[in-house]
Amino acid sequence: MNIIDSHCHLDFKRFDKDRDAVIRRAEEAGLSLIINSGVDYATNLSTLELASSYGMIRATLGLNPNMIAETDVNRTLDLIEERAGDALGIGEVGLDYYRNKVPKSRQKEVFLQTIELARRLDMPLILHSRDAEDVCFELVRDLDRVIFHCYGGTASLMEKVVQKNFYISLATVICYSEDHRKVVERVPLENLLIETDSPFLSPFRGKRNEPAYVIEAAREIARVKGIEMEEVAAFSLQNVKQVYNI
Ligand SMILES: [Zn+2]
């Protein structure tokens, strides 16, 4: 089975001790591509470094709303623009009203700057959204290519996302979260991506997540939809190629 992890953070400290082994396990599990996302200035750099060191890893460059107060925003935006040629997309970026670490108005201000960047550079936008899916959708609806990373919105918003031909990326959290059931049931395979968001959201609760476990997301989606997991993996692969033009 050819399968990919469309979103993770292998550059994070939690992989410092065994990063090579984690990537080898992913390869052995059948992964052909891993997309690693930056969340601030430092992790954009480490993401780029990872992508240049491992053939199967590609980068997206972003600024997570929870990091706004801890990183130099202008310097990060400049870096994203300068290194866009080495990246597949802009993200993760967005709004986080759940953790709410930064005032909403400031989150929105920075998010709008990143949306503008995606528009100007004509790159896909990878959206991080918690408790703010509807607001985010309204702000990105005029873009061409948007991925709702680790989608946690309602099934009805998902219908709108799908109508725009945007993508819903489901993370391994669906393996234990009943909240996602309706979305899993209804999301068309043509709009589906799968991801681990490693090191977070392990399907084996309490453990560190890693790209090889993306298979568990495919297995769960296949079970709910009553199809083969190979089909889930194949659609997700095809969709990633389409949205990122690779
Ligand atoms: Zn992430």
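Each residue in the range 12-57 was checked for being closer than 20 Å to MET1 by Cα and touching a residue at least 24 places away in the same chain (Cβ under 8 Å), and 15 pass.
Note on the range 51-66: residues that are within 15 Å of the ligand (Cβ to nearest atom) and part of a helix (DSSP H, G or I) amount to 2. For the range 1-29, filtered to residues that are touching a Gly at 6+ places or on another chain (Cβ under 9 Å) and under 20 Å from THR71 (Cα atoms), the residue that is nearest to the ligand (Cβ to nearest atom) is HIS9. Taking into account only those residues within the range 187-212 that are farther than 17 Å from ASP11 by Cα and either among the acidic types (Asp, Glu) or surrounded by 15 or more Cβ atoms within 10 Å (Cβ to Cβ) (or both), which is modelled with the lowest pLDDT? Here the residue is PRO203.
Let's see how each residue does on (1) at pLDDT below 95; (2) among the hydrophobic types (A, V, I, L, M, F, W, C); (3) surrounded by fewer than 20 Cβ atoms within 10 Å (Cβ to Cβ); (4) part of a loop (DSSP other than H, G, I, E, B):
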site	(1), (2), (3), (4)
GLU49	no, no, yes, no
ILE80	no, yes, no, no
LEU95	no, yes, no, no
ILE115	no, yes, no, no
LEU127	no, yes, no, no
ASP142	no, no, yes, yes
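All conditions but one from (1) farther than 24 Å from PHE137 by Cβ; (2) assigned to a strand (DSSP E or B); (3) within 16 Å of the ligand (Cβ to nearest atom) apply to SER32; the one that does not is (3).
The values are calculated or read from the model by the stated rules, or taken from the named source; none is laboratory data. All of these numbers come straight from a predicted model, not from anything done at the bench. All Cβ positions, even for glycine, are placed from backbone atoms using ideal geometry, and neighbour counts span all protein chains on display.
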